[in-house]
1. Would you calculate the convex hull of the Cα atoms in the chain and tell me its volume per residue in Å³?
2. Calculate the spin-label point distance for A111 paired with A33, positioning each point 7 Å from the Cα along the beta-carbon direction, and give it in nanometres.
3. Please build a GNM for the chain, connecting alpha carbons under 10 Å apart, and tell me which residue among V70, V116, V86 fluctuates the most.
4. Sort the following peptides by mean Cβ neighbour count (other Cβ atoms within 10 Å, averaged over residues), highest first: 57-66, 37-46, 106-115.
5. How much length would be gained if the chain were fully extended between Q81 and S67, taking 0.36 nm per residue of separation minus their Cα-Cα distance, in nm to one decimal?
6. Would you look at the GNM of the chain, springs on alpha carbons closer than 10 Å, and say which of A88, A104, A80 moves the most?
7. How far apart, in nanometres, would the label points at D55 and R43 be if each is projected 7 angstrom from Cα along the Cα-to-Cβ direction?
8. Which value, in debye to the nearest 20, describes the size of the charge dipole of the chain about its Cα centre when Lys and Arg Cβ atoms bear +1, Asp and Glu Cβ atoms bear -1, and nothing else is charged?
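Values in this text are rule-based calculations from the coordinates and carry no lab data. Keep in mind that this is a model prediction, so the values were computed, not measured. Cβ sites come from the backbone with ideal geometry, for glycine too, and all protein chains shown count toward neighbours.
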Amino acid sequence: MSTSEKPRPHETEESRPYWRGAERGALMIQRCAHCGKLRHYPRLVCDNCHSLESDWVEASRRGTLHSWTVAHHAFHPGFAQDVPYVLATIDLEEGVRALGILDAPADGKLAPGAAVTGRFERRGDGVSVLHFFLARQGPRLVKGDDQC
Ligand SMILES: [Zn+2]
């Protein structure tokens, strides 16, 4: 591996359904099979009822901008060509928070609460990464976006 390649996600047993969903463009959210509470990022135990049982639901990929930061320095050589970029936390319609790249100008004006839509972008190494787009700019229509 050259130093210019991006690191790959560390897939675990808990996160595997998320990454399989990402491969087909679906944002999968873990749900407690006992009390029904949604949780994201994926983890072993429900923080509401402590159940170890879970299943998965597909999220809408719609939400609002919670917060963001602009990366001006690459934390890994693989991201050197991407800076500056906006990394954002998004409050999904389903009530959980997700992290992703926000495809917006790094020097642009952003506001908390701005409507966003998410889509998985497949990198050159085959890893699908969650990106968000401001709703007013709209994502390009791709397979699986017909529900937006
Ligand atoms: Zn629970």
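1. Normalising the Cα hull of the chain by residue number yields 121 Å³.
2. 4.4 nm
3. V70
4. The peptides rank, most packed first, as 57-66, 37-46, 106-115.
5. Difference between extended and current length: 2.7 nm.
6. Greatest mean-square fluctuation among the candidates belongs to A80.
7. In this crude spin-label approximation the distance works out to 2.3 nm.
8. Around 200 debye, computed over the chain.
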